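A short write-up of the structure that comes next.
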Amino acid sequence: MSLSNEERNILVALELKKARETYGEIEVLVGANRLNGAANRMYYAVFHAVCALLISDGIQVNTHRGSHALFSQHYIKTGILPREYGHLYNQLQTMREESDYNCAYDVEMDELQQRLEPAKRLIEDIEKLVDKGTFQSEP
């Protein structure tokens, strides 16, 4: 990824802002009993946080599947983040895909609620990692 440090910092900040805003939409959707939409927003909130983390380390993200593979390779398998975050990210993607593309599937409230706090913690932990500047400043 050929971004200057300033461009990378701006993009990372925008991705994290998008993650926080998208996570905030979940409560509204749950309140309106729009659980499939809430599942969609939960996945995308985590996706944007993961993208911010990858970008902060100079790692180019091209696809959703690629973001999963790169997240696992660079942060889960290395122990920077716990394995359960890798599992959570995969579960959120599956839940989103099922609710978006399978007309016979609807997200259940308990399925959604058991992932709310872990998703929030993952986003917060990614923000802490990015804020610490643990990662390379140059790609």
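The values are calculated or read from the model by the stated rules, or taken from the named source; none is laboratory data. Keep in mind that this is a model prediction, so the values were computed, not measured. In this analysis, Cβ positions are derived from the backbone assuming ideal geometry, glycine residues included, and neighbour counts consider all displayed protein chains. Protein only, heavy atoms only, side chains kept; ligands, DNA and RNA dropped before computing areas. Shrake-Rupley method; radii C 1.70, N 1.55, O 1.52, S 1.80 Å.
General observations
- Residue within the stretch 62-70 that is modelled with pLDDT of 95 or more and either open to solvent by less than 10 Å² (accessible area, probe 1.4 Å) or touching a strand residue (DSSP E or B) at 6+ places or on another chain (Cβ under 6 Å) (or both) present: no
- Members of the stretch 69-80 found to be farther than 15 Å from Asp125 by Cβ and over 14 Å from the mean Cα position of the chain (by Cα), listed by number: Gln73, Lys77
- Evaluation of Thr78 against (1) assigned to a helix (DSSP H, G or I); (2) free of Cβ contacts under 8 Å to residues at least 60 places away in the same chain (one fails), failing number: (1)
- Filter result (among the basic types (Lys, Arg), in contact with a helix residue (DSSP H, G or I) (Cβ under 8 Å, 6 or more places away or on another chain) and open to solvent by 50 Å² or more (accessible area, probe 1.4 Å)) within the stretch 1-59: Lys18, Arg20, Arg41
- All of (1) within 13 Å of the chain's Cα centre (by Cα); (2) under 16 Å from Tyr43 (Cα atoms) hold for Glu108 with one exception: (1).
- Total residues in the stretch 71-85, condition surrounded by 18 or more Cβ atoms within 10 Å (Cβ to Cβ) and over 14 Å from Leu53 (Cα atoms): 0
- Where a residue in the stretch 11-22 is closer than 16 Å to Gly58 by Cβ and its partner, wherever it lies, is of a type in the set (Ser, Thr, Tyr), with Cβ under 9 Å and at least six apart: Leu11/Ser56; Val12/Ser56; Glu15/Ser56
- Of the residues making up the stretch 81-105, those that are touching a residue at least 24 places away in the same chain (Cβ under 8 Å), part of a helix (DSSP H, G or I) and over 12 Å from the mean Cα position of the chain (by Cα) are Glu84, Met95, Arg96, Ser99, Asp100.
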